[in-house]
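Just below is one structure, and these are the notes that go with it.
The values are calculated or read from the model by the stated rules, or taken from the named source; none is laboratory data. Quantities reported herein were computed from a predicted structural model and do not represent experimental measurements. Please note: Cβ atoms are built from the backbone with ideal geometry, for glycine as well, and neighbour counts cover all protein chains shown. Heavy atoms of the whole protein, side chains included, go into the accessibility calculation; ligands, DNA and RNA do not. Shrake-Rupley method; radii C 1.70, N 1.55, O 1.52, S 1.80 Å.
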Amino acid sequence: MSTNVSKQKRDELIGKISSIRAYIAAAPQDENTGSLLTYLSDLEKELGSRKFGLVFEEHREAIDETLETHTPVLTENADLFIDRGGEVNFLLEGDNLAALELLKKTHSGRIDLIYIDPPYNTGHKDFVYDDSFVDAQDTFRHSKWLSFMSKRLVLAKDLLSECGVIFISADDNECAALKLLCDSIFDESCFVADISWQRTYSMRNDVKGIAAEVEHILAYSQKPDWQPKKLERTEKMDAKYKNTDNDPHGAWRNIIASAPSASTHQGMVYAIQHPFTGELIYPPSGRCWPLQQSQMLSIMSDWCEYELRDLEDYHIRATICNVDDRDIRKDVLAIVLKKTIEESARSAKERYAKGQWPEFFFTKGGYGTLSRKAYLNKVGGRPVTNFWSYEETGHTDEAARMLKSIFDGQAPFDTPKPVRLMDRILTIASEPDSIILDFFAGSGTTGHAVLAHNAAHADSHRKFILCTNNENGICRSVTYERLKRVMESNDYKASLKYQVVDFVPIDERLYYEYADELLHHVRELVELENGVNFTGNAEIAIVLTDEELREFTADRVALAKCQTLYLGHDILPDGEQESALRANEIQIHIIPDYYYRELEG
């Protein structure tokens, strides 16, 4: 029997602590001995906790300190609002941990697809932690990255809908650790795939060691057994389907005529007599015929006349089913020729020459094995594999060239992902009305891909929420500017709200002292949660105070144009105001109190 050495060591240390506790308890008591006993209890608790899977040093970021004394809010930069109709999308500028805390209030359980491309932590100063680059000499490089990712992925999991899925790009530096981290957060049973994306189409001859041709994309679902949508079939795949017999159902290819699970389908294990040779054909060992016997009899009778007959072939069928002869069903009949072999063969040859053969047919001019037709119009799409070639999903050079073309030959971002890669993820993992989130938005590829996908598919009304900080002006000058340019140049029917993550101090303040400050930021949260725009939109309105309600109901023009009103949860309209709202058939949505409710205690 194996020995758990770690547990053994913990037990030994706990035993030593118990001895120390007994010694202290027997000594004269004062406030110092009381403190020592408390410290010992803390040590015992920590040592007693079992460690499984990935273990890393936890680190606190500056944003952690900020969130302890401040609550995050959103403020719109109205000058950057892009109004082109269509779906309302959002770009959030700020620390993504704070943004995720806000999204937890507005989108818990509502996001169908998350894609993120976090820093790869290569050791070449690509990862900034607390405003400092992390290099290969940092002895806590990996634990800092894992601590950084863990906090964000825990929040991301809360945002996923029941059918939601997250895709995370990584390279070899952190992929193994990231897999263990995600196993603990999302659960191993929700692991979907480790996809290899072929990021390059050519290799330099001077590469040392084994060249890195692929990057990883880890996929996890909210619930086990998530299934991706199938892809469109390729011409190469369809070329395997022919119509050699002029079948009216179209092109087909031959597949094996049997199915698995013979032991549990004994009634579908029997002999079929070959109409050309008279040979008795059985399914291979462990397999059975795929259709009910009545259906198989009807299909075979299209070749010549057949009937059911008891061959007393119990041993043969028992062997195929891998059961004892005594356990095989005795009432299963064979499908055999009704006339002589000569007469049957003559009919079968005539049927073969006629063409348009039945679904089950015989290869090699009729003298081969029994096969089945699989029709092209019934096979459906192409299954998704865990290898994504650059021919289908793009490569890094393609992404860089596209970004340069958008920014007039400049390269404002070093490592963009191709739009085709993101489109593959949208295709297999989202619905026409899905909300897509990317909280490491970078150059904005995810938003660009959603816009292009909607334009290419008439039934698609996908919406995106992007988040990135504004380090070196990336959010304003790259992410936003890219989206603005592609929306204008392609005439995309979509709108974009630009909101900035800000903070309201709450430390050592009572709720009523900062409640009015929070009220000023509720409008942005309502817009974000509902995907709406209040700016210059007379069809919807928002009322957060009694005074605003009085002004709104007194404005006959506003009442006549308004269709939907978002009303603060603590506002109670009087009888006259209710009548005015009812008379104008305005739909009322009560604004939830959960945006800042936890702060009220």
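Observations on the structure shown:
- Residue match in region 60-81 (condition: at pLDDT below 95, open to solvent by less than 50 Å² (accessible area, probe 1.4 Å), part of a loop (DSSP other than H, G, I, E, B) and within 22 Å of LEU181 (Cα to Cα)): yes
- If you go through region 561-578 and keep only what is out of contact with any Asp or Glu (no Cβ under 6 Å at 6 or more places or on another chain) and under 12 Å from ALA541 (Cα atoms), you end up with LYS561, CYS562, THR564, LEU565, TYR566, LEU567, GLY568.
- Complete set of residues in region 481-525 that are open to solvent by less than 10 Å² (accessible area, probe 1.4 Å) and farther than 22 Å from LEU67 by Cβ: ARG482, LEU483, VAL486, MET487, ALA494, SER495, LEU496, LYS497, TYR498
- Scan of region 148-204 for residues that are in a helix (DSSP H, G or I), in contact (Cβ under 8 Å) with a residue 60 or more places away in the chain and closer than 18 Å to ASP225 by Cα, ordered by number: LYS157, ASP183, SER184
- Residues (acidic (Asp, Glu) and touching a Leu at 6+ places or on another chain (Cβ under 9 Å)) located in region 335-357: GLU343
- One residue from ILE465, ILE474 being closer than 27 Å to LYS157 by Cβ, among the β-branched types (Val, Ile, Thr) and open to solvent by 10 Å² or more (accessible area, probe 1.4 Å): ILE474
- When each of ASN322, ASN386, ASN377 is tested for being within 30 Å of THR445 (Cα to Cα) and open to solvent by 40 Å² or more (accessible area, probe 1.4 Å), the lone residue that passes is ASN386.
- The residues of region 574-590 that are of a type in the set (S, T, N, Q) and either in a helix (DSSP H, G or I) or exposed (fewer than 13 other Cβ atoms within 10 Å of the Cβ) (or both), listed by number, are GLN577, SER579, GLN587.
- Selection count, region 168-207, where residues are farther than 19 Å from TYR120 by Cβ and open to solvent by 60 Å² or more (accessible area, probe 1.4 Å): 11
- Whether a residue is modelled with pLDDT of 95 or more and either open to solvent by 10 Å² or more (accessible area, probe 1.4 Å) or among the hydrophobic types (A, V, I, L, M, F, W, C) (or both) was assessed, and GLU392 passes this test.
- Residues that are outside any strand (DSSP E or B), surrounded by 15 or more Cβ atoms within 10 Å (Cβ to Cβ) and not aromatic (Phe, Trp, Tyr), drawn from region 125-147: ASP138, ARG141, HIS142, SER143, LYS144, LEU146, SER147
- Scope region 540-573; condition without any contact (Cβ under 8 Å) to a residue 40 or more places away in the chain, part of a loop (DSSP other than H, G, I, E, B) and surrounded by 12 or more Cβ atoms within 10 Å (Cβ to Cβ); matching residues: THR545, ASP555, CYS562, GLN563, HIS569, ILE571, PRO573
- Members of region 437-450 found to be part of a helix (DSSP H, G or I) and either β-branched (Val, Ile, Thr) or open to solvent by 10 Å² or more (accessible area, probe 1.4 Å) (or both), listed by number: THR445, THR446, HIS448, VAL450
- Subset of region 221-252 (residues that are open to solvent by 60 Å² or more (accessible area, probe 1.4 Å) and either touching a Leu at 6+ places or on another chain (Cβ under 7 Å) or closer than 24 Å to ILE185 by Cα (or both)): LYS223, PRO224, ASP225, GLN227
- Within region 401-417, being surrounded by fewer than 17 Cβ atoms within 10 Å (Cβ to Cβ) and not in a loop (DSSP other than H, G, I, E, B) holds for ARG401, LYS404, SER405.
- The lone exception for LEU308 - which of (1) over 27 Å from SER347 (Cα atoms); (2) open to solvent by 60 Å² or more (accessible area, probe 1.4 Å); (3) of a type outside the set (Gly, Ala, Ser) it fails: (1)
- Failed condition for ARG424, given (1) open to solvent by 20 Å² or more (accessible area, probe 1.4 Å); (2) under 30 Å from PRO290 (Cα atoms); (3) of a type in the set (Lys, Arg): (2)
- One residue stands out in region 101-124 among those that are of a type in the set (A, V, I, L, M) and assigned to a helix (DSSP H, G or I): the one that is nearest to ASP172 (Cα to Cα), namely LEU103.
- Selection over region 2-33 of residues that are at pLDDT 75 or above and assigned to a helix (DSSP H, G or I) gives a count of 22.
- Residue within region 359-375 that is more than 26 Å from GLY267 (Cα to Cα) and under 42 Å from the mean Cα position of the chain (by Cα) present: yes
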